[in-house]
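**Student:** Input: one structure, supplied below.
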Amino acid sequence: MKTDDFETSFRKPPFRSIPPEWRGEILQAAQTAAEVPTPEPRQVWWRELLWPCPKAWAAVAAAWVVILGSLWIGGEKSESSGMVASAPQPNAPTILALSFQYRFNLIDPPPPAIIEPPKPSSMRPRSERAQNIAVA
Amino acid sequence: MALPTTLERLYDAHAQAVFAFLLNLLRNESDARDVLQELFVKIARQPDCLRNAKDERGFLLRMAHNLAIDALRRRETRDRNHEAYGQESVVFAASPTPDEQTYREQLAAALGEIPAEQRAVVHLKLWEGLTFEAIAETLNISTNTAASRFRYGMDKLRDRLRPLYEEIK
């Protein structure tokens with residue numbers, strides 16, 4: 001059967017009639033709802049305050065996102081260049097999974113972090129250097 | 001607040017058409033009633049919304065479509081079977097002849113099997129007689145999308161109703 005034949009021979013029966021009792025009920029409900037004062041939405045005041053052009057504000061926000069994104073990317077590149085790459089910080093789900101495994105002895109806990117004592121500064125005050133010379 | 005006479009005039013002029021559209025879209029009389037009431041409540045609260053409407057019927061159908069989509073999304077989370085089977089409520093008026101009654105039942109079932117977005121376009125094209133441009137404006141879609149959805153919907157209806165049409169011939 002061709003589509004055209006189907007459409008031309010397609011019979012469109014009438015839909016059910018709307019129940020007559022609905023008229024009074026719906027109109028009464030609408031009238032009652034209209035009589036209840038609608039509170040002013042909170043966002044009206046800032047809409048009136050700002051320039052009523054959402055597209056312009058969206059463009060400004062997009063420009064800021066691009067600016068901040070480029071600054072962030074540039075900052076990351078300067079940090080990584082010429083420096084030893086550090087291990088990536090684990091995210092929250094990974095930390096949670098690791099703690100679960102530590103608790104149930106599924107894996108060995110990580111070795112304690114070795115904190116090297118700070119190296120003594122080679123720059124001593126002049127008074128101390130003078131004493132060393134005298135002792136020597 | 002909308003004048004009572006305005007609401008009554010709108011109801012008398014357009015409620016049947018809007019109800020038919022909602023019934024075909026939602027496939028459930030109770031949901032259709034809720035959306036119809038919600039529609040008139042909105043109009044009663046914001047009577048100015050119709051001031052710039054070029055076509056009252058089209059404007060109301062557009063509001064009804066948006067509200068129906070919200071209702072369908074809410075219903076999807078509750079029970080997906082309503083949309084899938086589409087026989088929740090009787091859609092067409094009863095016919096005195098058995099053959100015609102059988103046809104109407106088959107057509108209602110077939111309409112329930114096509115997606116809601118295609119069913120909306122088919123309804124507006126066949127039962128409301130709108131052009132694709134008017135349908136696109138009503139449903140907030142492009143004209144090409146409206147034409148495509150109508151084509152896909154009619155293809156599915158044809159395939160579904162083919163045995164019935166062959167039998168009638």
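Values quoted throughout were computed directly from the atomic coordinates according to the rules given, and no laboratory measurement underlies them. As the structure is a computational prediction, the values presented were derived from the model and not from experiment. When we count neighbours, we look across all protein chains shown, and the Cβ atoms used for this are built from the backbone with ideal geometry, even at glycine.
**Student:** Where in chain B are the DSSP H helices whose C-alpha atoms run 18 Å or more along the long axis and whose mean Kyte hydropathy is at least 1.0?
**Tutor:** none
**Student:** Rounded to the nearest 0.05, what FRET efficiency do residue A:12 and residue B:51 give with R0 = 45 Å and r taken as the Cβ-Cβ distance? Could you check?
**Tutor:** That gives a FRET efficiency of 0.85.
**Student:** Which residues' amide hydrogens lie under 5 Å from the amide hydrogen of residue A:15, considering only partners 5 or more residues apart or on another chain, with H built in the peptide plane?
**Tutor:** B:93
**Student:** Run the dipole for chain B about the Cα centre, Lys and Arg Cβ at +1, Asp and Glu Cβ at -1, nothing else charged, and hand back the magnitude in debye, nearest 20.
**Tutor:** The dipole magnitude comes to about 380 debye.
**Student:** A further question follows. Considering chain B, what Rg and Dmax in Å follow from its alpha-carbon atoms?
**Tutor:** Expressed in Å, the Cα Rg and Dmax of chain B come to 16.7, 55.
**Student:** Using a Cα distance threshold of under 28 Å, what count of lysine pairs results for chain B when pairs must be 8 or more residues apart or interchain?
**Tutor:** For chain B, the number of qualifying lysine pairs is 6.
**Student:** Which distance in nm do the two modelled labels at residue A:29 and residue B:12 give, with both placed 7 Å along the Cα-to-Cβ direction?
**Tutor:** A separation of 2.2 nm, rounded to one decimal place.
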